[in-house]
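Before any comments, here is the structure.
Nothing in this text is a laboratory measurement; each read-out follows from the coordinates by a stated rule. All figures in this text were calculated on a predicted structure; none of them were measured in a lab. Using ideal geometry, Cβ is built from the backbone for each residue, glycine included, and neighbour counts are taken over all protein chains shown.
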Ligand code: TXA
Ligand code: MG
């Protein structure tokens with residue numbers, strides 16, 4: 001397919017921020033960093049703008065988007081907060097937690113954002129670039145990860161360019177993201193918290209903050225988090241998990257001290273490994289090797305989110 005736009009990468013600053021906000025107000029999606037991954041942001045109240053996100057990503061329209069807000073007041077205008085939801089927001093916002101809440105009838109959100117669900121996913125991010133863009137454009141911003149649907153998530157501006165070149169006008173570049181995996185998604189219920197996607201905010205952190213039990217997944221996880229489909233984050237090459245050494249023609253992604261092509265964290269630090277995860281998959285995908293192998297990562301803390309993404313990459 002030919003390119004409709006030339007995509008430019010702009011270092012985040014006063015000028016580029018103003019230009020990005022003008023694009024947003026004109027209904028154009030813009031790629032912008034958050035502390036988790038780069039997002040492809042557009043005005044969540046404008047159906048044409050939201051449709052442009054789905055089209056640039058090649059994303060199926062039954063998969064709803066997260067709405068990003070600059071403050072609590074903006075969030076309360078979009079969704080109904082139960083006392084448990086208030087408590088979680090108080091504890092973890094700004095940060096890598098997305099709350100799935102009943103959408104307000106007068107939210108003003110495009111129905112494309114929620115894909116017809118009675119709930120909306122909301123996040124108040126910590127990253128200054130995303131927060132400044134929401135403020136400067138004066139709109140809540142719908143933003144999925146800034147990559148073609150189903151492919152590896154972007155943690156650097158170059159990853160966005162490699163995936164969406166010619167499909168969007170502008171990428172705001174503020175260097176590599178700090179968390180490296182997408183936000184934790186939860187749906188607070190009457191007496192428990194449903195964990196729809198593991199992420200930087202762990203189940204243990206949620207239990208400690210809320211005093212409520214955390215249960216994983218939905219009764220029907222496909223409906224509760226439609227984007228949590230089996231194959232996702234997929235490189236173009238086969239991925240083998242729990243590898244202790246590289247076979248012939250494999251690019252080995254290591255963890256802890258071991259011979260490998262790229263090490264997620266030689267010190268076996270899970271936070272560092274999360275921050276490096278998608279960059280490692282991008283490197284392995286672009287390498288000369290035919291296959292990708294990944295060393296075992298402990299199933300604890302943010303390691304649970306890492307393993308969730310790796311299982312989908314291998315599916
Ligand atoms: O860290 C993140 O969350 C990043 C950055 C850009 O904020 N965004 C992100 O968006 O990961 P995306 O679109 O790649 O993932 C959003 C997930 C999908 O799995 C979607 O199905 C789910 O959120 N989701 C959105 N609205 C929902 C809803 N009302 N109920 C359940 N799941 C929902
Ligand atoms: Mg995504």
Out of (1) out of contact with any strand residue (DSSP E or B) (no Cβ under 6 Å at 6 or more places or on another chain); (2) farther than 22 Å from residue 210 by Cβ; (3) more than 16 Å from ligand 2 (Cβ to nearest atom), the one residue 9 does not meet is (1)
Could you say whether any residue in region 38-58 is over 17 Å from the mean Cα position of the chain (by Cα), assigned to a strand (DSSP E or B) and in contact (Cβ under 8 Å) with a residue 60 or more places away in the chain? yes
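Here is a yes/no grid of residues against (1) closer than 24 Å to residue 46 by Cβ; (2) touching a helix residue (DSSP H, G or I) at 6+ places or on another chain (Cβ under 6 Å):
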{"residue": "63", "(1), (2)": "yes, no"}
{"residue": "79", "(1), (2)": "yes, no"}
{"residue": "85", "(1), (2)": "no, no"}
{"residue": "98", "(1), (2)": "yes, no"}
{"residue": "107", "(1), (2)": "yes, no"}
{"residue": "115", "(1), (2)": "yes, no"}
{"residue": "142", "(1), (2)": "yes, yes"}
{"residue": "152", "(1), (2)": "no, yes"}
{"residue": "161", "(1), (2)": "no, no"}
Looking at (1) surrounded by fewer than 19 Cβ atoms within 10 Å (Cβ to Cβ); (2) under 21 Å from the mean Cα position of the chain (by Cα), which is the one condition that is false for residue 25? (2)
For the list (1) touching a helix residue (DSSP H, G or I) at 6+ places or on another chain (Cβ under 7 Å); (2) in a loop (DSSP other than H, G, I, E, B); (3) within 27 Å of residue 286 (Cβ to Cβ), I need the number of the one condition that residue 172 fails. (2)
Considering only residues that are assigned to a loop (DSSP other than H, G, I, E, B) and surrounded by fewer than 22 Cβ atoms within 10 Å (Cβ to Cβ), look in region 178-197 and name the one that is nearest to ligand 2 (Cβ to nearest atom). 178
